[in-house]
Amino acid sequence: MTSEGPTVSRVLDEATEFLSSRRPRTPRLDAELLLAYVLGQSRTQLYTRAFEQLPRNQVEKFQQLLKRRGQGAPVAYLVGWKEFYGRRFVVTPDVLIPRPETEILVEESLRCVERSGLARPRLLDCCTGSGCVAVTLALEVAESQVRACDLCPKALEVAAENLVAHNLHRRIKLYQGDLLEALPPHTQRFDLIVSNPPYVATDVGPRPEEGVVRYEPNLALFGGRDGCDLLRRLADGATRWLNPGGWMVLEMAPFQIEGMEAYLQERGFQHTSIVPDLSGLPRVLSGRWES
Ligand SMILES: C[S@@+](CC[C@H](N)C(=O)[O-])C[C@H]1O[C@@H](n2cnc3c(N)ncnc32)[C@H](O)[C@@H]1O
């Protein structure tokens, strides 16, 4: 290793200062994640090497990434992974970056599975993207049979990579197509259908941050004028694919949840629950379909 470059500690301090003015939310964390990626090490290891000098070529690679971060590119796309429910998932710009609120969707799904009391529940993750929900459910419910689908073939390639990374490629089947129409006709019914569909409204409610719209796939974001187009289609189609007593668990925006709860109830779903996200806002809706 050449030793003429600045130390890890100095590179991190300067990067944090640079990002503070441009991306002020988590400048230190972002700088650490990018440098750890360039060095092929963990963030903790950066601190054990704080006073080592870095070779110029690594500093230059880091600075290129830092510049892109400064322009708004998400850290997850720059480093190629994101943590979800304590596990690492490959992400590319073809998939939505997994969000903490989607961990609430997983937790509510696990509660519903437990309430169903089935030994080998059949679970479907519709709009799977990176596959983070499907993989997490398969790992948390050891005997489950999991299927997942998405409209976007490139997103399914990322999901497939994550299935392999978590050694689930023999246990989870992936299907490509429009919502539940992706399922082959003779597929057995499910005990739970979970979905985090695109639910950003084009005409009402809060707009996502500019960086989200610019960098993340718009197919993963927008759900029509009120954002509920796919949520309603899922509720309409689910009864064809759920076993009696099966659960539907959906993530959505807080302003959509009351209307969607009524919509589910009109279609025969009972025992509906609304679960708040980490900010205390209603985010996840579940309901049990009684035939
Ligand atoms: C909000 S992302 C959710 C991704 C992942 N489940 C997560 O929670 O991080 C929505 C996903 O729905 C997919 N999608 C959009 N329209 C669809 C449709 N009509 N049928 C199936 N999937 C669709 C997108 O490709 C995207 O992967």
Want the number for residue 178 to residue 41: 0.36 nm per residue separation, take away the alpha-carbon distance, what's left? 45.3 nm
Length added when fully stretched, residue 140-residue 99, from 0.36 nm per residue minus Cα-Cα: 12.9 nm
Could you tell me which trypsin sites (Lys or Arg not before Pro) in the range 1-60 are loop residues by DSSP with no more than 10 other beta carbons within 10 angstrom of their beta carbon? 25
Loop sites in the range 211-249: trypsin sites (Lys or Arg not before Pro), DSSP, at most 16 other Cβ within 10 Å: 225
How large is the dipole of the range 94-289 about the Cα centre if only Lys and Arg carry +1 and Asp and Glu carry -1, each at its Cβ, rounded to the nearest 20 debye? 680 debye
Roughly what angle does helix 257-266 make with the longest principal axis of the chain, taking Cα atoms, 0 to 90 degrees, to the nearest 10? 30 degrees
Compute the helix-to-body angle for 27-39: its Cα long axis versus the longest principal axis of the chain, expressed 0 to 90° and rounded to tens. 80 degrees
Evaluate the distance, in nm, between pseudo-label points positioned 7 Å from the Cα of residue 169 and of residue 236 along their respective Cα→Cβ axes. 3.7 nm
From the square roots a ≥ b ≥ c of the eigenvalues of the alpha-carbon gyration tensor of the range 29-99, which class results: rounded (a/c under 1.5), prolate (a/b over b/c), or oblate? oblate
By a straight-distance test (C-alpha under 18 Å), which lysines pair with residue 82 as possible cross-link partners, with residues fewer than eight away in the same chain excluded? 154
Candidate aspartates and glutamates for bridging to residue 61, where Cα separation is under 19 Å - those fewer than 8 sequence places away on the same chain excluded: 4, 13, 14, 17, 30, 32, 52
Grab the beta carbon distance between residue 29 and residue 111, set R0 = 25 Å, and tell me the FRET efficiency rounded to 0.05. 0.25
Once the principal axes of the Cα atoms of the range 94-289 are found, what is the range along each, listed largest first in whole angstroms? 42, 36, 32
Treating the angle as unsigned and between 0 and 90°, give the value, to the nearest 10°, between the Cα long axis of helix 153-165 and the longest Cα principal axis of the chain. 80 degrees
What FRET efficiency do you get for residue 16 and residue 119 if R0 is 51 Å and r is their Cβ-Cβ distance, rounded to the nearest 0.05? 0.50
Under the rule of -39500 (n - 2.57) per DSSP H run of 4 or more residues, summed and divided by the residues of the chain, what mean residue ellipticity at 222 nm is obtained, to the nearest 500 deg cm²/dmol? -13000 deg cm²/dmol
Which loop GluC sites (Glu not before Pro) in the range 66-145, with loop taken from DSSP, have no more than 12 other Cβ atoms within 10 angstrom of their Cβ? 143
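Taken together, the values in this text are just the output of simple stated rules run on the coordinates, not laboratory data. Just so it is clear, the model here is predicted, and its values are computed rather than measured. Glycine gets a Cβ as well: all are built from the backbone with ideal geometry, and neighbour counts include every protein chain shown.
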